[in-house]
1. Would you mind checking which residues have amide H under 5 Å from residue B:199's amide H? H placed 1.01 Å from N; only 5 or more apart, or other chain.
2. When only C-alpha pairs under 8 Å and at least 6 residues apart count, what is the relative contact order of chain A, in percent?
3. Loop only by DSSP, 14 or fewer other Cβ within 10 Å of the Cβ. Give me the trypsin sites (Lys or Arg not before Pro) in segment B:106-197 that pass, ordered by residue number.
4. Compute the Rg/Rh shape ratio of segment A:19-145: radius of gyration over Kirkwood radius, all on alpha-carbon atoms.
5. Report, largest value first, the span of the C-alpha coordinates of the protein assembly as shown along each principal axis, in whole Å.
6. In debye to the nearest 20, how big a dipole does the protein assembly as shown give about its Cα centre with +1 on each Lys and Arg Cβ and -1 on each Asp and Glu Cβ?
7. Normalized C-alpha radius of gyration of segment A:139-184, against 2.2 N^0.38 Å?
8. Which residue, A:37, A:17, A:47, has the largest displacement toward the positive end of the dipole of segment A:9-78 when charges sit on each Cβ (Lys, Arg +1; Asp, Glu -1)?
2 protein chains.
Amino acid sequence: MTIRSADNQKLKTIRKLRQKHWREKLGLFAAEGEDLVAAAERAGWEPEFVLRAGRDVEPGLLSEVSALGSGSRAIGVYSPRWSEPGGRLMVWLHAVADPGNVGTILRSAHALCDGPVILGPECADPYSPKAVRASMGSVFARPPARAAFEELPGLRIALDARAGEDVRALSLTQQVAVCAGAERRGLPEAALAQADAVARIPLRPDGPESLNVAMAATVALYELARRMAAHA
Amino acid sequence: MTIRSADNQKLKTIRKLRQKHWREKLGLFAAEGEDLVAAAERAGWEPEFVLRAGRDVEPGLLSEVSALGSGSRAIGVYSPRWSEPGGRLMVWLHAVADPGNVGTILRSAHALCDGPVILGPECADPYSPKAVRASMGSVFARPPARAAFEELPGLRIALDARAGEDVRALSLTQQVAVCAGAERRGLPEAALAQADAVARIPLRPDGPESLNVAMAATVALYELARRMAAHA
């Protein structure tokens, strides 16, 4: 039966899931767009429910509950999943508060390394609408993990904008967690002090202070994945 | 004299500059935030005017005209500038419609290569509030250029998500323009056909179809800058 009223319970649920406290309370999140719903299905995620415009719901009503305002043709609702840290190469984030950056890093890690993105304190919710969208489905294929810096397995390589060893000079044969911090602030002092190495991506001396955190994490994963493959 | 009325002409101008047709009509754009106003000053840009909260204008009134809604303490208004294509390594974008991606690529290019970002058709306005913010000031330090694919100098390397040579296999000693296309669609067929080489960033076979365009452009610039330096 096609939903024709904005008072419908499923539509109300989707609207609530824009807010983090509702996502936590209900233990659910929404993924917007046919491509994301398809990515969830490919990854074997059972939806709580899926609403498709024109089939399950009037298109206008679905648009109204969209958090991304892009006229989604489908919205799926799922329970979040969490991985454990692991793999040969993973990435740990500290205080990356922008959901677009978190989602983009989920996608890059899925493309470039075998381990998950591990969220430290103060990171954006990877199951927020913007993060799920930016992940382009990678959040389903490889769910994020959560851990404190002290709990990370393997060698901990702290990325710094302008300090430490050139990332190309690292010689790595073991399990590695690349650690990246917030825009401007970078990693906390404690993480820099406890890391097994501090590394930087070589930047032009006349350029900006740093790369965007998603760019830095992606370039580091690209470089380290290559270096580790060479030693495999 | 501190501005105390929302009817003030400067505040009205800033509000208009959220819209592209007003930016074009007035030949102006706004940069929000003390760090961006400082970046403009460092790069020698003369502002049309700058409003600082508490000094030139009541803080609440400045917040009201902010396009980014982040409680900016300063907003500067400037005339856009455009570079010419050039340098040893530059990047050309086709239909990159997300202003955050365009701004982030401005920042990455400034950090990694000596040439400008060159905007082809259908790209987001690099002087929109989101693009200026994402550039973190690089739009002032190295203004973008505009050109059609056919006008690009040097070797044209077309990035493709999953086709072409491994970007690590390219041997480059000449001037290069890295060409990147829109999310999903990639570069148009004509560009792929006319390019001097098609190259891909090596991605895991079990990963996503592609990287985000800003990630792909950044990794390609990182890799090619290294390869060109090795041949310098």
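The numbers here are math on the coordinates, done by the rules we state, and not lab data. All values derive from a computational prediction rather than experimental measurement. Every residue, glycine among them, receives a Cβ derived from its backbone with ideal geometry; neighbour counts consider all protein chains shown.
1. B:158, B:159, B:160, B:165
2. Working: 483 pairs, mean separation 44.7, N = 232.
Value for chain A: 19 percent.
3. Qualifying residues, ordered by number: B:162, B:184, B:185.
4. Numbers: Rg = 14.4 Å, Rh = 14.7 Å.
We get a ratio of 0.98 for segment A:19-145.
5. Principal extents (largest minus smallest coordinate, Cα): 58, 56, 51 Å.
6. 640 debye
7. Numbers: Rg = 12.7 Å, N = 46, 2.2 N^0.38 = 9.4 Å.
So the Cα radius of gyration is 1.35 times the expected 2.2 N^0.38 Å.
8. So the residue furthest toward the plus end is A:17.
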